[in-house]
Amino acid sequence: MIEWVSLRTGAQPVPEPVATPLVWAATACSAVLLVASLNTLVGPGRPSLALTVLSLLAALLGLRAHFAAAPGTAVLCWLFLNGFAIPPTGTLTWAGHRDTLWLTCLLAAALLGTTLARLRHARAAYRRVAAGIGSAAAEPDQEPRGR
């Protein structure tokens, strides 16, 4: 006789974050592609659009990264933003408040993505544990005595 069993039963481990060097490699490749496509489609000299797109990239990459990868992700995104998204292209500059704000936005996006992923995984793990405890409490081991 065949007995159907759900494949989702049992403990599911929390996904391990991706190694930091791999996250940084993905950041560099993705950032250069995004900045190049923005420069081609919209044109250079639109740093607010490039900052928004690179912040989204940092948040998405943060979903699968360690917290330790966030500063490097932010710096790599800033390098491509500063070097290729604003004129003069190919020249790194430092404009005090502007670049500090850009780095802060990129770092906050990377940390936000990582924090959201950790909260989502913790909540899913809590639900699995709570469901396991609830189903064990619903099945009494013995009948009540005295009836």
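Computed from the coordinates by the stated procedures, all read-outs in this text should not be read as laboratory data. All values derive from a computational prediction rather than experimental measurement.
The phi torsions of region 108-119, fed into the Karplus equation with coefficients 6.51, -1.76 and 1.60 and a -60° offset, translate into couplings of 4, 5, 5, 5, 5, x, 5, 5, 4, 5, 5, 5 Hz, rounded to whole numbers, with Gly and Pro shown as x. With Cα atoms as the point set, the radius of gyration and Dmax of region 9-64 evaluate to 15.3, 53 Å.
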